[in-house]
Amino acid sequence: KALGVAALELFSDLLNQAVVSRKDAHDPAFDPTSYEQGPLTDDSSAVYSVYDALKCQVRRSAEQIIPADPLQMSAVLDVFGKYAPKLFRRLEMFVLSKHPAAASDRARTLLLDGELLEASWCKHEYASLALAWFPSLTPPDQQTVLRQADAIARRYMDGWKARVEERETRPPNAVEVRAFSAHVLRDALWYWRAALPADRQAAIDAIVAEFGDPEAWRNT
């Protein structure tokens, strides 16, 4: 409360140092935060390492700053923008999801980023931002996002077919191709499906009715 953004800067710098210390000496370009897939709001790991504790505290610091003064949003985003690890993009999206109108241009840019749309490492944070701001995008921007979602399966289709042929010693049939496309689309939109237009929600519901809920494995 006393230091505001200055406290966030301190914790963020320490967090970045902790990320750097976890890098692979044999591959300096490797981002150790690129494989993390749990939501940032899960603090259960905060007791296990300095890195996890700092990750938790950076998020909490931002959570305290923005509600108290939404005009500080740009300063908070500037802090996160200094650092390259993917974790800081997740923090950006998380903070923006709380008050997207405070930096609507940045919220729009992130939602229209096709790489973020399909990335597994930020699926929860992208979804949070989409739930908060996708309905406020212009219709052309909404269509751009949805076209990008539709295109994901096509980009990976050839590689998937090759793996099926290698494993099964036969090409995938039409039913399998349709199932692959349906699964990819469902997974890309699943966590923010409540923000989709009615026809898109109905399409996702139809996929789930046929192929199942992507979260169902948690209940087995």
Within segment 35-45, does at least one residue satisfy the condition of being open to solvent by less than 60 Å² (accessible area, probe 1.4 Å), in contact (Cβ under 8 Å) with a residue 24 or more places away in the chain and under 23 Å from Arg108 (Cα atoms)? yes
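Considering only segment 47-63, I want to know if a residue exists there that is assigned to a helix (DSSP H, G or I) and within 23 Å of Ser136 (Cβ to Cβ).
Restricting attention to segment 47-63, the residues satisfying the condition of being assigned to a helix (DSSP H, G or I) are 50-63.
Keeping just the survivors that are within 23 Å of Ser136 (Cβ to Cβ) gives 62-63.
Yes, the conditions are met somewhere in segment 47-63.
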From Val175, Val208, grab the single residue that is more than 22 Å from Trp121 (Cα to Cα), among the aliphatic types (A, V, I, L, M), open to solvent by less than 40 Å² (accessible area, probe 1.4 Å) and free of Cβ contacts under 8 Å to residues at least 24 places away in the same chain. Val208
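Which of the following residues is touching a helix residue (DSSP H, G or I) at 6+ places or on another chain (Cβ under 7 Å), in contact (Cβ under 8 Å) with a residue 24 or more places away in the chain and exposed (fewer than 13 other Cβ atoms within 10 Å of the Cβ): Pro100, Pro135? Even if it seems obvious, please write down each step before you answer.
Values: Pro100 fails: exposed (fewer than 13 other Cβ atoms within 10 Å of the Cβ).
Of Pro100, Pro135, the one residue that is touching a helix residue (DSSP H, G or I) at 6+ places or on another chain (Cβ under 7 Å), in contact (Cβ under 8 Å) with a residue 24 or more places away in the chain and exposed (fewer than 13 other Cβ atoms within 10 Å of the Cβ) is Pro135.
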Among the residues of segment 64-97, count how many are in contact (Cβ under 8 Å) with a residue 40 or more places away in the chain, in a helix (DSSP H, G or I), farther than 16 Å from Leu3 by Cβ and open to solvent by 60 Å² or more (accessible area, probe 1.4 Å). 1
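The values are calculated or read from the model by the stated rules, or taken from the named source; none is laboratory data. Values in this document were obtained by computation on a predicted structure and should not be read as measured data. No Cβ is skipped: glycine too gets one built from the backbone with ideal geometry, and neighbour counts run over all protein chains shown. Just so you know, the surface numbers come from the protein's heavy atoms only, side chains and all, with ligands and any DNA or RNA stripped out. Shrake-Rupley method; radii C 1.70, N 1.55, O 1.52, S 1.80 Å.
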